[in-house]
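Presented below is the structure to which this report refers.
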Amino acid sequence: MERIRYGLLSPGEQQVYRHFQQVFARYGDRVELGEEGRGVDAMKVAQAVLGDTPHIAYFDKTQLRVTSTFLGGQEIRLCGAVPPQRAMRMAQELEGRVRAALGRIDRWNPLTDYDRLLCIYEYMQDTMAYDLRELQACRRLGRGPSPMAHTAYGTLVQGKGVCDGIAAAFCLLAQRMGFPCTVVGGRATFAAEGYGNHAWNIIRLRSGYYHVDPTWDLNKKEKSGEYSYEYFCVDDDTVSGDHLWDPAEAPLCPRGDMSYYWRSRCYANNLTQLEELFTRIARSRQRVVRARLAPGIPVPEPAEQYLGQMLSRSAAAAGRRGAVRFRWNGSTRCFFGKLEEV
């Protein structure tokens with residue numbers, strides 16, 4: 001299977017990448033680079049390997065330490081590494097959970113590759129939780145009490161993770177279904193909290209690459225109780241509204257044809273189309289309203305209230321009498337609403 005980040009490295013970096021793989025395969029606690037490591041950013045390569053091989057989970061990924069050796073090489077200590085026997089048991093536990101997850105998804109009978117990816121997304125939103133305590137500790141102290149929350153093991157086996165662990169879990173399940181996928185790191189801003197370190201995925205579907213951020217959609221599901229797809233298979237332009245990354249460490253994702261909103265006919269090119277979409281959904285008696293408005297279309301301020309009133313009018317015209325709840329994400333141009341019945 002394609003290793004997405006490996007393919008973006010130089011020949012020298014690829015050699016170091018393979019060296020990391022050998023150490024990880026035997027559950028080593030340090031990576032020693034001699035001549036092959038000279039002039040190579042070892043941390044960059046380590047993150048590329050971990051992005052492409054999401055099952056690695058036997059050390060604290062937040063505490064990699066790089067030092068120079070006496071002969072001019074580099075040594076990367078894998079802090080918090082557990083003994084090999086324990087690491088093998090963890091790998092077996094993770095494999096068991098992956099098989100159980102794929103078995104459950106298979107029973108949902110997804111018919112297409114796109115449906116299979118959606119099922120992974122919904123499975124994760126059903127079964128996993130965000131580890132806010134770990135995030136707060138990492139922000140305050142630089143490390144937290146739950147290092148496995150940063151791995152697929154923590155997210156799939158223990159049921160809780162932060163962004164890099166949630167992204168690793170999605171990557172692992174997608175790879176096991178045959179999709180080339182990797183974890184990418186950068187910075188992102190969630191709500192009004194400002195930019196901070198973040199991790200998400202890039203996946204190849206058919207002939208294109210797409211961004212997927214399972215963490216932010218999982219968080220939205222926890223708040224609303226409904227599945228969220230705002231960051232599912234989106235393009236560079238869409239995700240760049242609130243995500244930053246090094247373009248040299250990720251393939252281009254220029255197409256938006258696989259986003260949930262485009263494929264579900266919930267995409268509006270202007271406000272008139274958006275109101276028609278609201279009306280169609282209200283008349284269909286659906287309770288959940290999802291829509292994305294095309295970039296560059298101005299919305300009168302305050303935008304969230306304006307769009308909420310538009311939905312309320314459409315609901316009233318369709319005879320819906322319950323409360324209307326809504327939120328607007330100006331970065332992704334996504335609107336979410338719920339029409340409560342009386």
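Take every Cα pair under 8 Å in the stretch 210-331 that's 6+ residues apart, average their separations, divide by the length, and report that relative contact order as a whole percent. Please list the in-between numbers first.
On the way: 132 pairs, mean separation 24.6, N = 122.
Computed over the stretch 210-331, the figure is 20 percent.
With labels modelled as points extended 7 Å from the Cα through the Cβ direction, what inter-label distance (nm, one decimal) is found for Arg283 paired with Gln309?
So the label points at Arg283 and Gln309 sit 2.4 nm apart.
With just the Cα atoms of the chain, tell me how far they stretch along each of the three principal axes, in Å, largest first.
76, 41, 38
Looking only at the stretch 70-110, which residues have a backbone nitrogen under 16 Å from a spot 7 Å from the Cα of Gln15 in the C-beta direction?
Output list for this probe position: 72-74.
Between the DSSP loop rule and a limit of at most 10 other Cβ atoms within 10 Å, which trypsin sites (Lys or Arg not before Pro) in the stretch 228-309 are left? Spell out each step's value before the answer.
Values: sites: Arg255, Arg263, Arg265, Arg280, Arg283, Arg285, Arg287, Arg290, Arg292; in loops: Arg255, Arg265, Arg285, Arg287.
Here the sparse-neighbourhood loop sites are Arg265.
Running a GNM on the chain with Cα contacts under 10 Å, which residue among Asn219, Asn109, Asn197 ends up with the highest mean-square fluctuation?
Asn109
Need one value: the accessible area of Glu304 in square angstrom, 1.4 angstrom probe, rounded to the nearest 10.
60
With the crude spin-label approximation of a point 7 Å out along Cα→Cβ, what separation in nm comes out for Glu222 versus Gln22?
About 4.1 nm, to one decimal.
Taking amide H positions as placed in the peptide plane 1.01 Å from N, state which residues far from Ile4 in sequence (5 or more) or on other chains have amide H under 5 Å from it.
Under 5 Å from the amide H of Ile4 lie the amide H atoms of Cys181, each far enough along the sequence or on another chain.
Give Lys61/Lys220; Lys44/Lys160; Lys61/Lys338 a once-over and call out the pairs whose C-alpha atoms are over 29 Å from each other. Mind dumping the intermediate values first?
Values: Lys61/Lys220 26 Å; Lys44/Lys160 26 Å; Lys61/Lys338 39 Å.
Those over the limit are Lys61/Lys338.
Within the set of other residues whose C-beta is less than 13 Å from the C-beta of Cys79, count the net charge using Lys and Arg as +1 and Asp and Glu as -1.
+2
Which one of Thr215, Thr67, Thr182 has the biggest mean-square fluctuation once the chain is modelled by GNM with Cα springs under 10 Å?
Thr67
Take the chain, connect every pair of alpha-carbon atoms lying under 10 Å apart with a spring to form a Gaussian network, then pick out the residue of Val289, Val299, Val16 with the largest mean-square fluctuation.
Taking springs between Cα atoms under 10 Å, the residue moving most is Val299.
So what's the gap between the Cα centers of the stretch 153-200 and the stretch 232-295, to the nearest angstrom?
Spelled out, the Cα-based centre of one part sits 21 Å from the other.
How high is the FRET efficiency from Ser240 to Glu340, r the C-beta distance, R0 35 Å, rounded to 0.05?
That gives a FRET efficiency of 0.55.
The values are calculated or read from the model by the stated rules, or taken from the named source; none is laboratory data. Keep in mind that what you see is a predicted model, and the values were worked out from it rather than measured. No Cβ is skipped: glycine too gets one built from the backbone with ideal geometry, and neighbour counts run over all protein chains shown. Just the protein is used for accessible areas: all its heavy atoms, side chains included, with ligands, DNA and RNA removed. Shrake-Rupley method; radii C 1.70, N 1.55, O 1.52, S 1.80 Å.
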